[in-house]
Every structure is written in structure tokens, then in C-alpha cells.
Amino acid sequence: MTAPPTAGRASRSDTNGPSATGSSTRRARRTDPAGPALVLPFALLFALFLLWPLAAGLWTSFTDRSLVGTAPSFTGLDNWAEMAADPMVWRSLWTTLLFTLLTTPPLVAVALLMAVLTQRAVRVGWFLRFSFFSPFLLPVAVVSLIWVWIYQPGFGMLNGALTGMGLPEVNWLGDEGTVLLSIAVTTVWWTVGFNYLLYLAALQGIPSQVYEAASLDGAGPWQRFRAITLPLLNRTTAIVVLLQMVASLKLFDQAYLMTNGSGGPGYAARPIIGYIFDTGFTNLRIGYSSAISYLFFAVIIAVSALQFWLFTRKENTA
């Protein structure tokens, strides 16, 4: 028995209705100018303040541009060839990498330790939060001045403690073997508060019922920390390590201020940004300093990509 014609027409209308509506919606979405109009201001600012400087700096690295005022000329790969043969480039780059290796592990471990201590010390938690985070709020000039006084021979607090214990004084900022380590200690004291807040927020997000269930199963404090806390903080640790490595690679301010711009004895504490600064604004060689800048930019991208790959690989295998 066949359906009435009206029912057939209604059925075809019902079948074609949603698809026709969907196609018209897609056409309206494609032709709606609101989306590009909203993105355009950001795109212009992105191109003006990021893409254009990147392109201009890369072009400058192929010229002999100087701050003297002469017209720059194209030199091809001369700056890059000179950079590859310049031992000061690689020494300053190694200084930067060594500083990163010196600061990243303690900035992760100490921050986690402080966060766990604050989480457990409920009564004095407010005081610990203030004490641990307040150094991060200080300007770099103030931090550098404080620690220069602490490291001073003769009347510095650290050397005073050493002489009080019968030990000889150490010229912390004037010795090639200790100047970079001294700046690393200063940096850890100054910046650990930021990582501490990240860990504290992550710890507060762990449900207390998980620890209670582990306690009922007989797990001790160390077992709960190793089997519950650390695994649940994996994402936070990956973020902290990535941010800290990039921040340590950009060492300049405290090294410049604590060594009076000299980079320490034998340039032992001059990072690669310091060498870029000296090359561009002291020796007035903007083209050559641009080439070194792009080498450093490539190093930061490589380190960030490696860290991201290790994190995603660990997540996929977990």
C-alpha cells in the first residue's frame, strides 16, 4: 500500500530540510565577515611586532650594519662564518648552558620541597607563602645589590660566617671558579618563588581522599609522596622544567649587574646575551650581533622542542 501524496511530500520536505539548513549555515559561516574582522587586529599586531622584527633581524645578520651611521651593505654569509670560528661565541654559549644546568635542578627540587612544607604546615602556611614568594617580587637591581653585599670579601655576611668557623674567605665574584656558581645561587634564591606557587597550586588540587585511602592501606609518608604526589605532579613538573630552562637560557641582568658589566674574571660569567650586547652596543657591530642572536634563538627552539618531545613521549607511554 502506497503512502498518500501529501505524506510523501512531507517526508521529502523533512529529509531535505536539515541538510538545506546545514548547507545554508555553512555558506553563512564562510561569508560572515565577523571572524576575519575580529582576528585582523591581532594579526596586524603579530605581524608588526613579531614577524617583521624577525625578518628584519635575519636580514641584518647578512649585512655589515653598524651603529656608526654608515649605510649597511650585503655581506652574505660572512657574519655566520666569522661566528662559527669565534671562540668567544661558543664559550659564552657554554656559560649559558652551564648556568642552565646549575639552576634548573635546584629550582625544581627546592620549589617542590617548599610547596610540600607549606602544604603540611597549616598553622604557619601564610607566613611560609609570604617568605618563599616575596624575593620573586624584588627587582633584579635590588637582588643583585643584596647579594653583592653578601658575597663581599672582608665585611660580607657569607665570608663573615666562613671566618667565624675558622675557614678562609672566598672571593665569590672575583674568582673565575666561583663567579658563575655565585650568580646561580642568587638566581635560585630570587626566582624559586614562581615555581613554588605552581607546585603549591598543583598540590592543593590533589584530593585528600587519595592520601586517606593510601594511609588506610598502610602507606607511610614517603610512600605516599613517591607513589601519589610525584606522579600527580608530572604535568606541573614538565611545565616548571620547560619554563625554567628557557628562563635560565636568557641569563643577562643579574650576571651583568653583579660583575659590573665585565662578565667576571676571564669572562667566566658572561652569557651569550652578554656577548651579543657587547658586540652590538659596545663594538657597534649590529650585523654580527644579529647573527649570534639567531644562533641563540635556534638553541632555545631546539631545547624547547626537545623538552616538549620528551614530555609528550612520556605521556604517550604512561
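Table for the structure above
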{"quantity": "Among Gly177, Gly218, Gly205: highest mean-square fluctuation, GNM of the chain, C-alpha pairs under 10 Å", "calculated": "Gly218"}
{"quantity": "Taking the C-alpha atoms of region 154-222, convex hull volume expressed per residue in Å³", "calculated": "158 Å³"}
{"quantity": "Theoretical gain in end-to-end length, Glu82 to Phe281 [0.36 nm per residue, Cα-Cα removed]", "calculated": "69.8 nm"}
{"quantity": "Label-point separation in nm, Ile206 to Ala227, each point 7 Å along Cα→Cβ", "calculated": "1.3 nm"}
{"quantity": "Contour minus Cα-Cα distance for Phe194 and Ala214 (0.36 nm per residue)", "calculated": "4.2 nm"}
{"quantity": "Using distinct alpha-carbon pairs, which all enter the 1/r mean, Kirkwood radius of region 259-302 in Å", "calculated": "10.9 Å"}
{"quantity": "Carbon/sulfur fraction of accessible area - region 76-317, other protein chains in place, 1.4 Å, %", "calculated": "70 percent"}
{"quantity": "Selected from Pro221, Leu113, Leu158, residue furthest toward positive end of dipole (the chain; charges at beta carbon)", "calculated": "Pro221"}
{"quantity": "FRET E, pair Trp59, Val142, Förster distance 45 Å, beta-carbon r, rounded to 0.05", "calculated": "0.70"}
{"quantity": "Rounded to the nearest 10 Å², the accessible area of Glu82 at probe 1.4 Å", "calculated": "70 Å²"}
{"quantity": "Net lengthening on full extension, Ser262/Ile239 (0.36 nm per residue, minus Cα-Cα)", "calculated": "4.9 nm"}
{"quantity": "Most mobile listed residue (Trp172, Trp126, Trp190) in the chain, GNM with C-alpha springs under 10 Å", "calculated": "Trp126"}
{"quantity": "Estimated FRET transfer efficiency (Asn316, Phe46; beta-carbon r; R0 22 Å; 0.05)", "calculated": "0.10"}
{"quantity": "Most mobile of Gly287, Gly57, Gly164 in a GNM of the chain (Cα contacts under 10 Å)", "calculated": "Gly164"}
{"quantity": "Evaluated over the chain, the Cα radius of gyration and Dmax, each in Å", "calculated": "29.0, 111"}
{"quantity": "Relative contact order computed over the chain (Cα-Cα under 8 Å; 6+ residues apart), in percent", "calculated": "26 percent"}
{"quantity": "The chain - charge dipole about Cα centre, Lys and Arg +1 at Cβ, Asp and Glu -1, debye rounded to 20", "calculated": "1420 debye"}
{"quantity": "At R0 = 51 Å, FRET efficiency that the Cβ-Cβ distance of Ala121 and Ser66 yields, to 0.05", "calculated": "0.30"}
{"quantity": "Three principal axis lengths of region 186-233 [C-alpha, angstrom, descending]", "calculated": "43, 18, 13"}
{"quantity": "Å² per residue, accessible surface of the chain at 1.4 Å", "calculated": "60 Å²"}
{"quantity": "Spin-label pair Arg91/Phe130, simplified geometry with 7 Å Cα→Cβ offset, distance in nm", "calculated": "4.7 nm"}
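The values are calculated or read from the model by the stated rules, or taken from the named source; none is laboratory data. The structure presented is a predicted model; accordingly, all values stated were derived computationally and were not measured. Cβ coordinates were reconstructed from backbone atoms using ideal geometry, including for glycine residues, and neighbour counts include every protein chain displayed. All accessible areas refer to the heavy atoms of the entire protein, side chains included, with ligands and DNA or RNA removed. Shrake-Rupley method; radii C 1.70, N 1.55, O 1.52, S 1.80 Å.
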